[in-house]
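Right, one structure below, let's go through it.
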Amino acid sequence: ALLQENAQNIVEPLEALIDAEILRSDHEDREARFEFRHALLQRAAYESMVQSERRATHANIVKQLQHDSAAGPFVPELIAYHLTASAQFQEAIKTWLDAGTNAARRSAHIEAVEDLRRGLGLLNEISSPELRAKLELGLQGALIPSLISTQGPTSPALSECCQRGLALCREGETSPLVFAFLFGQFTFAMCRGRNEDAAPLAQLFLSVATDKSYASGRVIGHRLCGMTHINTGAALKAKEQLEQSLELY
């Protein structure tokens, strides 16, 4: 389908490569399958293609996979890989994000982190600062639950992710993801026993939720403030904040 050739015209030269011990075949389900005998042979063949030809081939593979996906779901990691190799970087980043969130939904959090970081690694290929920041914001936000699941709430990686996300939120229009980054950074500080860092984060969470008329955020914000007061032994202040949270709830 990719080469738009008759199957027999493709099989004959491949059979010659089997005789030359470059390929080997496996006839499963009555369908001939061919693969390189060694990864180095595959790499040599791949690198013998000029870059423009390689990219065009990967782009055509994407089109064929997307066409075939009408008959059933496709693996987003596969599409993302070929989009990356075809230098369609904006679409590749979006698809790595889809792959990461899809993996996290299946509780495959190690794979999710890997997919999302593949997307982050392509950001320098995006020339527009606004678009680059928007794409990074989505990737960093999607990382939070998988980092907590794989490395725990006290991991430096979680803190770095949330700090970067908050910096991105400050640079442009406030995104709803600001609440995810604030909550993640608050969780990091609390679990590390850093109440002096957690308290201003709780206040900021509540302040932003109030400014945005985000009712659920105010419920959470008062609860976070109450937790920080408990840690300092300010029982009356904690009681006041928790009662406000319950009343709003």
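Structural remarks
- Among (1) touching a residue at least 24 places away in the same chain (Cβ under 8 Å); (2) touching a helix residue (DSSP H, G or I) at 6+ places or on another chain (Cβ under 9 Å), the one test that residue 130 misses: (2)
- Residue list for the stretch 176-235, restricted to those being more than 21 Å from residue 249 (Cα to Cα), of a type outside the set (D, E, K, R) and not in a helix (DSSP H, G or I): 177, 193, 232, 233, 234
- Within the stretch 228-249, the set of residues being surrounded by fewer than 18 Cβ atoms within 10 Å (Cβ to Cβ) and of a type in the set (A, V, I, L, M) comprises 230, 234, 235, 236, 242, 246, 248.
- Selected residue (criterion: most open to solvent (accessible area, probe 1.4 Å)) from residues of the stretch 90-109 that are under 17 Å from residue 148 (Cα atoms) and small (Gly, Ala, Ser): 107
- Any hit, the stretch 73-84, residues being exposed (fewer than 14 other Cβ atoms within 10 Å of the Cβ), without any contact (Cβ under 8 Å) to a residue 40 or more places away in the chain and of a type outside the set (Phe, Trp, Tyr): yes
- Residues of the stretch 157-212 satisfying the condition of being under 19 Å from residue 129 (Cα atoms) and either open to solvent by 50 Å² or more (accessible area, probe 1.4 Å) or touching a strand residue (DSSP E or B) at 6+ places or on another chain (Cβ under 9 Å) (or both): 163, 164, 170, 171, 173, 174, 177
- Filter result for residue 223 (free of Cβ contacts under 8 Å to residues at least 24 places away in the same chain and either touching a Gly at 6+ places or on another chain (Cβ under 7 Å) or among the basic types (Lys, Arg) (or both)): yes
- Among the residues of the stretch 138-156, those that are under 17 Å from the mean Cα position of the chain (by Cα) and open to solvent by less than 70 Å² (accessible area, probe 1.4 Å) comprise 138, 139, 140, 141, 142, 143, 144, 145, 146, 147, 148, 150.
- Residue 22 vs. criteria in contact with a Ser or Thr (Cβ under 7 Å, 6 or more places away or on another chain) and over 27 Å from residue 79 (Cβ atoms): no
- Unmet criterion (only one of (1) under 20 Å from residue 144 (Cα atoms); (2) open to solvent by 50 Å² or more (accessible area, probe 1.4 Å); (3) part of a helix (DSSP H, G or I)) for residue 63: (1)
The values are calculated or read from the model by the stated rules, or taken from the named source; none is laboratory data. If you're wondering where the values come from, they're calculated on a predicted model, not measured in any experiment. Positions of Cβ are backbone-derived with ideal geometry, glycine not excepted, and every protein chain shown enters the neighbour counts. We work out accessible area using only protein heavy atoms, side chains counted, and drop any ligands, DNA or RNA first. Shrake-Rupley method; radii C 1.70, N 1.55, O 1.52, S 1.80 Å.
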